[in-house]
1. Name the one entry in 41, 95, 73, 48 that is under 22 Å from residue 113 (Cβ atoms), touching a strand residue (DSSP E or B) at 6+ places or on another chain (Cβ under 9 Å), free of Cβ contacts under 8 Å to residues at least 60 places away in the same chain and in a loop (DSSP other than H, G, I, E, B).
2. Condition first: at pLDDT 90 or above, surrounded by 10 or more Cβ atoms within 10 Å (Cβ to Cβ) and touching a helix residue (DSSP H, G or I) at 6+ places or on another chain (Cβ under 7 Å). Can you find one or more residues in region 39-49 that meet it?
3. Search region 17-38 for residues being assigned to a loop (DSSP other than H, G, I, E, B) and in contact with a strand residue (DSSP E or B) (Cβ under 9 Å, 6 or more places away or on another chain), and hand back the single one that is farthest from residue 116 (Cα to Cα).
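The values are calculated or read from the model by the stated rules, or taken from the named source; none is laboratory data. Small disclaimer: the values here were computed from a predicted structure and weren't measured. In this analysis, Cβ positions are derived from the backbone assuming ideal geometry, glycine residues included, and neighbour counts consider all displayed protein chains.
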């Protein structure tokens with residue numbers, strides 16, 4: 001039985017990227033040896049988004065979500081985190097992006113949807129008329 005999801009950031013400077021997420025973003029984690037940090041987050045989810053261009057299929061993306069985007073942005077800025085844009089309404093939530101060392105840009109958002117926790121029974125499907133329109137996201141840049 002699957003019990004979690006493991007995400008990866010590919011970085012040109014992994015030591016600095018790990019220190020950034022450990023010290024500035026303050027993600028909890030463990031040094032599993034040799035300076036390799038595995039960060040632990042208490043919650044996660046996985047979405048599948050459509051692509052407009054079939055060449056974009058197969059890309060993946062990591063984003064963080066929070067309950068109070070304005071407060072979270074202010075707290076992260078106070079620790080020196082650089083944001084690339086103001087918070088915007090994307091329909092599914094309030095969204096911004098920040099930079100991490102190693103050429104990484106990460107989405108941070110405050111979702112408008114609610115979900116059940118792991119192991120919760122599936123929620124009934126909304127009728128097509130009741131569903132909000134799908135928000136368009138730019139696909140992640142392909143890694144070489």
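1. 41
2. So far as region 39-49 goes, yes, one or more of its residues are at pLDDT 90 or above, surrounded by 10 or more Cβ atoms within 10 Å (Cβ to Cβ) and touching a helix residue (DSSP H, G or I) at 6+ places or on another chain (Cβ under 7 Å).
3. 32
Yes/no matrix, rows are residues, columns are (1) crowded, with 16+ Cβ neighbours inside 10 Å; (2) under 15 Å from the mean Cα position of the chain (by Cα):
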| position | (1), (2) |
| --- | --- |
| 32 | no, no |
| 35 | no, no |
| 58 | no, no |
| 66 | yes, yes |
| 73 | yes, yes |
| 79 | no, no |
| 96 | yes, yes |
| 102 | yes, no |
